[in-house]
Amino acid sequence: MEQAYMNHKNIKTEIDIKKSRFISHIARTETEDDARLFIQKIKKEHREATHNCSAYIIGESALIQRADDDGEPSGTAGVPILEVLKRESLYNCTVVVTRYFGGIKLGAGGLIRAYSQSAAEAVKDSGKVFLVPMIPTEIVLDYTFTNKFEYFLGNENIEIKDQEYTDKVTYHLMIEEPMVEKVRETLKEITSDTFSITTKDVEMVERVLVL
């Protein structure tokens, strides 16, 4: 089963559980080397911490996934973090949860809950993005038709990336693949087929998941 999302922002979150501080860092990591470098960076920043536990998933097919307990009892830290990434369908993503021990032992079950909660908080605050196939499109038409065309674009939530004004108006748009034909047909109606349209190769564009 393929993962569907990447994290939106690289952020830090923190929670306190029974006097222990759990600081979570989440980052976009495109390769395993990126993931390892990010983990090392956090470990260096928090070298005084009791533990820096981590997990990552690389690739939509999740062929590369790793978890590290960093001295916590086996299976109580890295795997719970990894399970959050899997449950949230994230890829190309690394989470490091740093623990500063507060003097109260949590037990295996308590540790699993703490590391899961810490990772989940980071994922929630980071947000998610997904990739959408988009067609870079250039449209040229007479000024007469701009109001009707822009009204159509607004209704379809198609963003105008750029405009050029000469003897005609040129629109630079990114259009989702299934919408290209609808745009073409609408322009035929609006302009009586007096427009020009040029499309380029598909590009994968990030969209933020709105919950």
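The values are calculated or read from the model by the stated rules, or taken from the named source; none is laboratory data. Since the structure is predicted, the reported quantities are computational estimates derived from the model, not experimental observations. Heads up, the Cβs are rebuilt from the backbone with ideal geometry, glycines too, and the neighbour counts pull from every protein chain shown. When the accessible area is computed, the model is the full protein with side chains, heavy atoms only, and any ligands, DNA or RNA have been set aside. Shrake-Rupley method; radii C 1.70, N 1.55, O 1.52, S 1.80 Å.
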TODO: Hand me the list of strands (runs of 3 or more DSSP E) wholly inside segment 62-180 holding 1 or more residues that are crowded, with 19+ Cβ neighbours inside 10 Å.
DONE: 64-68, 93-100, 128-141, 169-176
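Could you please let me know if residue 3 is part of a strand (DSSP E or B), of a type in the set (S, T, N, Q) and either open to solvent by less than 70 Å² (accessible area, probe 1.4 Å) or farther than 28 Å from residue 130 by Cα (or both)?
On the way: part of a strand (DSSP E or B): no; of a type in the set (S, T, N, Q): yes; either open to solvent by less than 70 Å² (accessible area, probe 1.4 Å) or farther than 28 Å from residue 130 by Cα (or both): yes.
For residue 3, the condition - part of a strand (DSSP E or B), of a type in the set (S, T, N, Q) and either open to solvent by less than 70 Å² (accessible area, probe 1.4 Å) or farther than 28 Å from residue 130 by Cα (or both) - is not met.
Out of 140, 123, 169, report the one residue that is under 26 Å from residue 84 (Cβ atoms) and in contact with a strand residue (DSSP E or B) (Cβ under 8 Å, 6 or more places away or on another chain). Walk me through it before giving the result.
Details: 140 fails: under 26 Å from residue 84 (Cβ atoms); 169 fails: under 26 Å from residue 84 (Cβ atoms).
The match here is 123.
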Open item on the list: Where the second residue is surrounded by fewer than 21 Cβ atoms within 10 Å (Cβ to Cβ) and among the polar types (S, T, N, Q) and the first is without any contact (Cβ under 8 Å) to a residue 60 or more places away in the chain and lies in segment 80-94, which pairs have Cβ atoms under 6 Å and are six or more apart or on separate chains?
Closed with: 80/116; 84/116
Open item on the list: Condition first: part of a loop (DSSP other than H, G, I, E, B), surrounded by fewer than 16 Cβ atoms within 10 Å (Cβ to Cβ) and either on the phi > 0 side of the Ramachandran plot or small (Gly, Ala, Ser) (or both). Can you find one or more residues in segment 191-204 that meet it?
Closed with: yes
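Look through segment 41-61, keep the residues that are among the hydrophobic types (A, V, I, L, M, F, W, C) and not in a loop (DSSP other than H, G, I, E, B), and return whichever of them is most open to solvent (accessible area, probe 1.4 Å).
From segment 41-61, those among the hydrophobic types (A, V, I, L, M, F, W, C) are 42, 49, 53, 55, 57-58; that's our starting set.
Keeping just the survivors that are not in a loop (DSSP other than H, G, I, E, B) gives 42, 53, 55, 57-58.
Details: 42: 1, 53: 0, 55: 0, 57: 0, 58: 17 Å².
Residue satisfying both the conditions and the ranking: 58.
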Open item on the list: One residue is enough: does segment 129-137 have a residue meeting the conditions within 30 Å of residue 173 (Cβ to Cβ) and touching a His at 6+ places or on another chain (Cβ under 6 Å)?
Closed with: yes
